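The values are calculated or read from the model by the stated rules, or taken from the named source; none is laboratory data. Everything numeric in this text was worked out from a predicted model, so none of it was measured. Every residue, glycine as well, gets a Cβ built from its backbone with ideal geometry; the counts of neighbours run over all protein chains shown.
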Amino acid sequence: MKINVKINGIKKALDVSPDEYLVETLRNNGYMSLRKGCDTGSCGMCTIHLDGEAVLSCVLISAKADGHEITTIEGVQEEAKDVAKYLVDEGVDQCGFCGTGTIMSILYLEKCVDNPTDEDILHYLRGNLCRCTGYAGQLRAIKRYLEAKNDEGSK
Amino acid sequence: MITIKEYVMPKNIDKAYEYLISKKNSMIFGGGAFIRMGSKNIALGIDLSKANLRYINEQDNEIEIGAMATFGDIERSEILKRFSGGILSIAIKDIVGIQLRNIVTLGGTVYSRYGFSDLITALLALDAKVKLYKGGVRTLEEFLENGSKSKDILEKVIISKTDGFSVFKSMRNSKGDYAILNLAISKVDGKYRIAIGARPQRAIISSQAMDFLNKNQINDKAIEKASNILASETVFGSNPRGSSKYRHEISKVLFKRAIEEVMANEN
């Protein structure tokens with residue numbers, strides 16, 4: 001079956017099978033930033049934005065994306081670089097496998113919550129597992145990133 | 001692994017029902033996330049994404065939640081945050097991660113009558129009703145017990161707007177994990193209603209404990225007695241998350257925490 005989507009601002013018509021999941025569709029079409037981790041909706045590595053909402057592409061049937069707008073990390077490269085800098089500075093990007101999903105969730109948090117508390121940050125990041133560094137460093141990095149963004153905004 | 005031969009996205013529920021009864025091995029898709037975990041061969045997948053069932057509406061006397069409202073919609077809804085202590089938003093906030101909650105739907109969960117569900121327990125305490133396309137309006141309590149006699153589609157859940165207050169409690173190994181046990185209490189017009197779920201069987205009403213609470217003055221002794229009644233009247237099972245004995249014991253703790261919170265709100 002054919003689906004019409006907009007990926008990172010570009011309209012595309014894609015052929016998908018009825019039981020195909022979006023992580024496969026996107027990877028098959030060159031969006032290799034998407035990691036396939038648990039493949040059961042638990043680890044958060046395949047996080048993308050669908051019409052601006054963070055979703056797990058491994059449990060989303062591709063047909064459901066028909067008529068919608070998809071954003072992968074390739075579509076927010078500059079923002080992602082900003083976030084990644086803080087993650088690296090805090091030493092929380094070791095193997096890097098969870099990085100793209102984590103960054104997509106951080107960008108979603110930034111969009112949804114003004115001045116998030118530690119609890120808000122942990123709540124929005126709960127769906128992203130990291131098996132290298134744990135979460136204390138991530139929390140520090142995200143807070144530093146958001147502080148820097150706030151400072152920039154207030155200038 | 002699931003296989004789907006054909007997948008359709010009807011524009012309305014009438015068409016969805018036509019598809020549903022057109023093939024023996026047809027299946028309605030809500031978010032479709034939980035189906036991913038299982039193994040099924042589906043001849044016709046019917047996706048309700050385009051059937052205009054994603055809404056949360058506040059009427060004069062009721063709140064209606066469309067079958068395709070996601071848990072994310074419920075969590076963020078200002079209408080539901082304001083209603084009855086925000087129990088529905090609270091009940092789902094610890095389910096896996098926000099990216100999954102942005103996919104999982106009310107209809108997929110309620111129609112499937114999942115035993116592990118947190119949302120169903122909270123809805124049961126609120127005495128919610130379900131509106132089925134063919135089966136009409138039924139209480140959630142009765143629907144959970146009997147299910148649907150023939151293929152049907154859940155259109156929406158209806159909750160009476162009351163001035164009550166409700167509390168949801170769960171026990172989990174970690175935030176984001178499935179509940180080992182969950183419990184919800186609502187108090188409306190001076191009457192308590194208690195639901196207990198993830199037993200691990202599907203949620204039920206604790207009628208004897210409720211009856212005791214509604215006929216006695218609530219003090220520490222009465223709470224203790226009610227917790228024992230609740231634990232005794234409830235059938236618990238065992239699964240890898242917890243044994244029936246463990247669930248029996250923690251049911252009393254969850255109950256006490258919940259009732260104390262309801263009472264604290266009154267004071």
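Annotations
- Search result, residues across segment A:59-88 that are basic (K, R) and more than 14 Å from chain B (Cβ to nearest Cβ): A:K81, A:K85
- Considering residues of segment A:84-111 that are surrounded by fewer than 23 Cβ atoms within 10 Å (Cβ to Cβ) and among the aliphatic types (A, V, I, L, M) only, the residue farthest from A:N128 (Cα to Cα): A:V88
- When the residues of segment B:1-31 are filtered to those that are within 14 Å of another protein chain (Cβ to nearest Cβ) and of a type in the set (A, V, I, L, M, F, W, C), the one that is farthest from B:K151 (Cα to Cα) is B:M1.
- Residues of segment B:189-233 classified as under 23 Å from the mean Cα position of the chain (by Cα) and aromatic (F, W, Y), total: 1
- Selection count where residues are within 23 Å of B:G38 (Cβ to Cβ) and surrounded by fewer than 23 Cβ atoms within 10 Å (Cβ to Cβ), scope segment A:28-49: 6
- Number of positions in segment B:167-217 that are among the polar types (S, T, N, Q) and under 16 Å from B:N239 (Cα atoms): 3
- For segment B:1-37, the set of residues classified as under 22 Å from the mean Cα position of the chain (by Cα), of a type in the set (A, V, I, L, M) and within 24 Å of A:A54 (Cα to Cα) consists of B:I28, B:A33, B:I35, B:M37, listed by residue number.
- Scanning segment B:96-123 for residues being of a type in the set (A, V, I, L, M) and facing chain A (nearest Cβ under 10 Å) gives a total of 5.
- Checked against the criteria, B:E64 counts as at pLDDT 95 or above, among the charged types (D, E, K, R) and either assigned to a strand (DSSP E or B) or assigned by TED's automatic domain parsing to the domain that holds B:A184 (or both).
- Applying the criterion of at least 1 residues that are at positive phi to the strands (runs of 3 or more DSSP E) found wholly in segment B:114-195 leaves B:136-139.
- Looking across A:I121, A:I142, one residue alone is in contact with a helix residue (DSSP H, G or I) (Cβ under 6 Å, 6 or more places away or on another chain), within 12 Å of chain B (Cβ to nearest Cβ) and part of a helix (DSSP H, G or I). It is A:I121.
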